[in-house]
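The values are calculated or read from the model by the stated rules, or taken from the named source; none is laboratory data. Not measured: the values here are computed from a predicted model. For neighbour counting, all protein chains shown are included, and Cβ atoms are generated from backbone atoms with ideal geometry for every residue, glycine included. Calculation scope for accessible area: heavy atoms of the full protein, side chains included, ligands and nucleic acids excluded. Shrake-Rupley method; radii C 1.70, N 1.55, O 1.52, S 1.80 Å.
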Amino acid sequence: MGAKPRIDTSRPHPARVYDYLLGGKDHYEVDRQLGEKIPEFMRNAAHENRAFMRRAVTWTANNGVTQFLDIGTGIPTAPNLHQVAQGVHPAARVVYADNDPIIMRHAEALLVGTPEGATNYVEADIREPGAILDHAREYLDFERPITLSLIAIMHFIVDAYDPYGVVSALMDALPSGSYLALTHVSLDGFAEEGAKLNETYTSSIEAQSRSVAEIERFFDGLELIEPGVVATPRWRTDTPVPPETGPHPNYAGVARKR
Ligand SMILES: C[S@@+](CC[C@H](N)C(=O)[O-])C[C@H]1O[C@@H](n2cnc3c(N)ncnc32)[C@H](O)[C@@H]1O
């Protein structure tokens, strides 16, 4: 596995706080302290993300996609994306990327797929999309559709890093028939509670909530799949969802490149 990853336990990290929210064991005291400050309305978002990932990957796989590029993978959590994709297409190929060195410690869990498929992991930063694409080209066929999975990562890319340019650079490199699956935090409509969460979280971790319109902008130029950008648990769920009664802290969408 090479050199031991450098784990910084002096400040919270997004992957580890998220692991805390999911009830995992791969976080430190500093992550737990921040996780405990996250209010009730936000707590389900982590589980909802995982459920959306499963539905979006299954849906795009059922629509013929056999290759997946997942950026902002997080600490492995069963089922991982490759298990979902290979459940539909045993020969599916998956490239994972994340910039947190803790994921490398668990990368073996991401690298065990079906014998006929392939999984690969790279430590890389989405703010350098060219490097991720160069790596992915070694494992994926860029002549055939690829699902780009950006689940709960783009709110960590503040405007100063040109988040829309990053997503365009990635999608521009993919062939026609590829998909973008994305979720994103939105604290709009949560008034004081939202402002307080924003302040607590961003005092330790660089992040930016966006409005629904700003989240929709990530899909510009692509063909949004029904039902469009909606509260994450509402995207093509099999289980009945209660009527919408107010804002949701996390939105999701899937779109196809023409
Ligand atoms: C909230 S977790 C989401 C994990 C997984 N996608 C899911 O939804 O279950 C966000 C992940 O994005 C990663 N991340 C944050 N900023 C990143 C960046 N600039 N480049 C690559 N990964 C990043 C974090 O390390 C973390 O693992």
Worksheet, complete the sentence: Among the residues of segment 183-200, the number that are open to solvent by 20 Å² or more (accessible area, probe 1.4 Å) and touching a strand residue (DSSP E or B) at 6+ places or on another chain (Cβ under 8 Å) is 1
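What tally of residues in segment 94-122 results from selecting those that are touching a residue at least 40 places away in the same chain (Cβ under 8 Å), of a type outside the set (Lys, Arg) and closer than 19 Å to Arg6 by Cβ?
Residues that pass the stated criteria total 10.
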Fill in: Odd one out for Asp70 among (1) open to solvent by less than 40 Å² (accessible area, probe 1.4 Å); (2) over 19 Å from Phe156 (Cβ atoms); (3) charged (D, E, K, R)
(2)
Fill in: Leading residue by the ranking (nearest to Ala160 (Cα to Cα)) among those in segment 203-226 that are open to solvent by less than 40 Å² (accessible area, probe 1.4 Å) and in a loop (DSSP other than H, G, I, E, B)
Ala207
Discussion item. All but one of (1) in a loop (DSSP other than H, G, I, E, B); (2) at pLDDT 95 or above; (3) acidic (Asp, Glu) hold for Glu244; state the number of the condition that does not hold.
Written reply: (2)
Practice prompt. Report, by residue number, each residue of segment 9-20 that is within 12 Å of the ligand (Cβ to nearest atom) and of a type in the set (Ser, Thr, Tyr).
Written response: Tyr18, Tyr20
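Can you pull out the residues in segment 21-50 that are part of a helix (DSSP H, G or I), away from the ligand (no atom under 11 Å from the Cβ) and open to solvent by less than 50 Å² (accessible area, probe 1.4 Å)?
Initially, segment 21-50 is screened for residues part of a helix (DSSP H, G or I), giving 21, 29-36, 40-43, 45-50.
Filter once more, keeping what is away from the ligand (no atom under 11 Å from the Cβ): 29-36, 40-43.
Listed by number, the residues that qualify are Val30, Asp31, Leu34, Gly35, Phe41, Met42.
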Discussion item. Taking the conditions exactly as written (of a type outside the set (Phe, Trp, Tyr) and either in contact with a strand residue (DSSP E or B) (Cβ under 8 Å, 6 or more places away or on another chain) or in contact (Cβ under 8 Å) with a residue 40 or more places away in the chain (or both)), does Arg50 satisfy them or not?
Written reply: no
Discussion item. So Ala61 passes all but one of these: (1) surrounded by fewer than 24 Cβ atoms within 10 Å (Cβ to Cβ); (2) part of a loop (DSSP other than H, G, I, E, B). Which condition number does it fail?
Written reply: (2)
Discussion item. Here is a check on your reading of the model: is Thr239 free of Cβ contacts under 8 Å to residues at least 24 places away in the same chain and farther than 29 Å from Asp134 by Cβ?
Written reply: yes
Discussion item. Step by step: first the residues of segment 10-20, then only those that are without any contact (Cβ under 8 Å) to a residue 60 or more places away in the chain and part of a helix (DSSP H, G or I), then the one that is farthest from Thr200 (Cα to Cα). Which residue is that?
Written reply: Asp19
Discussion item. For segment 91-101, give me each residue that is assigned to a loop (DSSP other than H, G, I, E, B) and within 13 Å of the ligand (Cβ to nearest atom).
Written reply: Asn99, Asp100
Worksheet item: Is segment 81-90 home to any residue that is within 12 Å of the ligand (Cβ to nearest atom), of a type outside the set (D, E, K, R) and closer than 20 Å to Val254 by Cα?
Response: yes
Worksheet item: So which residues in segment 68-80 are part of a loop (DSSP other than H, G, I, E, B), touching a residue at least 40 places away in the same chain (Cβ under 8 Å) and closer than 23 Å to Val254 by Cβ, if there are any at all?
Response: Gly72, Thr73, Gly74, Thr77
Worksheet item: Quick one: is Val65 in contact (Cβ under 8 Å) with a residue 24 or more places away in the chain, more than 12 Å from the ligand (Cβ to nearest atom) and among the aliphatic types (A, V, I, L, M)?
Response: yes
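Restricting to segment 57-83, name every residue that is aliphatic (A, V, I, L, M) and touching a Ser or Thr at 6+ places or on another chain (Cβ under 6 Å).
Val65
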Response to the item:
When restricted to Thr147, Thr114, the only residue closer than 26 Å to Asn63 by Cβ, among the polar types (S, T, N, Q) and at pLDDT 95 or above is Thr147
